[in-house]
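Trainee: Once you've had a glance at the structure underneath, I'll fire off some questions.
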Amino acid sequence: MDNKKVFVTQPALPDLEDFIPYIEEIWNNKILTNNGPFHQKLEEELAKHLNVPYVSLFANGTLALLTALQVLRITGEVITTPYSFVATSHCLLWNQLTPVFVDIEKEFCNIDAEKIEQAITPKTSAILPVHVYGNPCAVERIQEISDTYGLKTIYDAAHAFGVNYKDTSILNYGDLSILSFHATKVFNTIEGGAIISHDLTTKKRIDYLKNFGFAGETKVVALGINSKMNELQAAYGLLQLKNHDRNIAERKRVADTYQKLLNGITGIRLLTEQVQTVGNYAYFPIFVNGDAYGSTRDDLYEKLKKHNIYGRRYFYPLISEFPMYRGYDSAKSHNLPNATEIAEQVICLPIYPTLEEVEIERICNIIK
Ligand code: T4K
């Protein structure tokens with residue numbers, strides 16, 4: 001009865017026959033990469049769809065973030081969150097930057113904006129917050145701090161594709177935002193990512209940096225890297241975009257059913273909807289308070305696995321607990337009490353467009 005394996009996510013795939021004309025076009029014109037026609041078209045279509053000024057496509061979200069830090073010439077210390085996928089901080093170390101971890105708030109699991117100021121030193125040059133699970137950070141407060149101290153803000157918006165806050169894209173906040181289009185994300189190009197920028201000069205610099213620093217056939221203006229998206233992925237992205245609204249509606253259906261069935265269970269906390277926000281239902285985290293629930297998060301996690309339900313503990317362990325980070329003063333758990341507690345409680349339940357009601361009910365019954 002329980003045989004069907006249910007994973008935390010499953011990419012929504014377009015119909016195969018719909019993809020064939022795109023492949024034929026690529027085969028015919030023989031442009032496979034390097035800012036080809038599908039690449040240009042996807043940048044345009046995404047800018048329209050997301051309602052942002054400029055999109056620069058990347059091979060993945062990690063390279064987008066790595067490059068974003070170069071674009072703004074970030075130096076010294078960068079204030080960030082320990083409660084994220086490890087790529088967030090890895091990009092700092094790859095840029096020889098020092099991560100300074102600040103605790104999260106417990107309501108939405110984002111960096112606690114009220115704790116940022118006390119982490120600023122003369123070496124701080126930027127803030128790198130994450131819109132965790134697609135829920136917006138305290139963007140106005142973070143902007144105020146950035147303005148006051150002359151810092152740059154780069155949002156890791158890997159989870160926040162299509163999220164709107166106060167009638168505009170959440171990607172319009174901060175100096176730059178990065179997106180991930182990995183297969184596990186709400187919008188995917190198999191692997192992929194993007195930097196969102198707000199003026200043409202910055203967009204040009206991003207595009208030089210992702211193509212070895214070339215600004216013309218023979219001119220190299222920066223220590224660039226190769227992080228371009230290829231034509232097959234860009235074409236696949238254009239096709240995905242056509243199905244995107246339907247996919248989000250299906251994700252909402254799943255989230256609504258979970259909300260209805262899991263509401264009110266002692267010891268299980270769900271996230272509330274953020275005010276003035278249109279979300280994307282990218283993740284469905286629950287937080288298990290072991291004492292109140294009667295068994296630990298890990299017991300529930302293992303029990304679900306025994307029933308072939310493969311949730312994930314995003315984000316456990318905290319980034320600050322990994323060997324390359326735990327030596328930093330800011331990584332000590334007494335500095336990060338909320339993040340430490342939340343990382344011990346979280347399970348992200350399966351959520352994706354084709355998840356059937358019967359499976360959701362099965363998952364909720366196990367939890368109940
Ligand atoms: N910043 C943040 C905040 C991020 O969350 C991420 C990535 C990044 C930056 C970096 O962006 P990218 O460089 O990845 O573009 C996954 C993803 O690999 C990663 O992209 C994502 N965050 C992270 C939160 O989750 P894993 O190791 O948990 O993925 P994996 O392979 O275990 O997949 C989870 C489940 O999804 C599998 O059990 C089955 C299903 N699945 C997965 C893939 C890849 C499929 O059904 N089909 C697939 O093709 O990291």
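Coordinate-derived values only; no laboratory data. Nothing here was measured: the structure is a model prediction, and the numbers come from that model. All Cβ positions, glycine included, derive from the backbone under ideal geometry; neighbour counts span all protein chains shown.
Trainee: For a label point 7 angstrom out from the Cα of ALA47 toward its Cβ, which stretches of segment 167-194 have the backbone nitrogen within less than 17 Å?
Mentor: Flagged as within label range: 169, 171-173, 176-179, 194.
Trainee: Now a separate question. Which entries in the list LYS252/LYS303; LYS4/LYS303; LYS152/LYS203; LYS41/LYS210; LYS48/LYS166 go over 22 Å, if you measure between the two C-alpha atoms of each?
Mentor: In this structure, LYS252/LYS303 lie more than 22 Å apart at Cα.
Trainee: Quick one: net charge of GLN118's neighbours, Cβ under 12 Å, K/R +1, D/E -1? Please list the in-between numbers first.
Mentor: Working: positive: LYS115; negative: ASP103, ASP112, GLU114, GLU117.
For residues surrounding GLN118, the net value is -3.
Trainee: A further question follows. If you place +1 on the Cβ of every Lys and Arg, -1 on the Cβ of every Asp and Glu, and leave all else neutral, what size is the dipole of the chain about its Cα centre, to the nearest 20 Debye? Before the final figure, lay out each step's value.
Mentor: Details: 36 positive and 43 negative charges, 93 e Å.
Dipole magnitude for the chain comes out near 440 debye.
Trainee: Sort 91-104, 293-306 by the packing proxy (mean of other Cβ within 10 Å over each peptide's residues), most packed first.
Mentor: 91-104, 293-306
Trainee: Please list, ordered by chain and number, the residues whose modelled amide H lies under 5 Å from the amide H of ALA126; skip anything fewer than 5 residues away on the same chain.
Mentor: For ALA126, whose amide H was placed from the backbone, the distant partners under 5 Å are ILE79, LYS152.
Trainee: At 0.36 nm per residue, minus the direct Cα-Cα distance, what do HIS334 and ASN3 gain on full extension? Give it in nm, one decimal, please.
Mentor: Gain on stretching HIS334 to ASN3: 114.9 nm.
Trainee: Still on this structure: Sequence gap at least 6, Cα distance under 8 Å: using those rules, report the relative contact order of the chain to the nearest whole percent. Don't skip to the end; give the middle numbers.
Mentor: Details: 738 pairs, mean separation 85.9, N = 368.
23 percent.
Trainee: Can you pull a Stokes-Einstein diffusion coefficient for segment 9-90 at 25 °C (0.890 mPa s), Rh from Kirkwood over Cα pairs, as a whole number of µm²/s?
Mentor: Rounded to a whole number, D works out at 153 µm²/s.
Trainee: Okay, moving on. For segment 244-367, what are Rg and Dmax over the alpha carbons, in angstrom?
Mentor: Considering segment 244-367 through its Cα atoms, Rg and Dmax are 15.9, 47 Å.
Trainee: Sum up the charges of everything whose Cβ sits under 14 Å from the Cβ of ASN247, counting Lys and Arg as +1 and Asp and Glu as -1, but leave ASN247 out.
Mentor: +3
Trainee: Sum up the charges of everything whose Cβ sits under 13 Å from the Cβ of LEU57, counting Lys and Arg as +1 and Asp and Glu as -1, but leave LEU57 out. Walk me through the numbers before you get to the answer.
Mentor: On the way: positive: LYS41, LYS203, LYS210, LYS228; negative: GLU43, GLU44, GLU45, GLU191, ASP207, GLU231.
The answer is -2.
Trainee: Also, quick follow-up: Taking Cα centroids, how far is segment 124-150 from segment 161-193 in Å?
Mentor: Between the Cα centre of segment 124-150 and that of segment 161-193, the gap is 16 Å.
Trainee: Also, quick follow-up: Beta carbons within 10 angstrom, averaged per residue: use that to sort the peptides 325-337, 178-190, 66-78, highest first.
Mentor: 178-190, 66-78, 325-337
Trainee: If you wrap segment 16-242's Cα atoms in a convex hull and average its projection over all directions, what's the area in nm²?
Mentor: Mean projected area of the Cα convex hull: 12.5 nm².
Trainee: Going highest first, how would you order 236-248, 217-229 by mean Cβ packing within 10 Å?
Mentor: With the highest mean Cβ count within 10 Å placed first, the list reads 236-248, 217-229.
Trainee: Would you mind working out the magnitude of the charge dipole of segment 244-367 relative to its Cα centre, with +1 at each Lys and Arg C-beta and -1 at each Asp and Glu C-beta, to the nearest 20 Debye?
Mentor: Using only the charged Cβ atoms, the result is roughly 140 debye.
Trainee: If neighbour count is taken as other Cβ atoms inside 10 Å, put TYR283, TYR155 in order from fewest to most.
Mentor: Starting with the residue having the fewest Cβ neighbours, the order is TYR283, TYR155.
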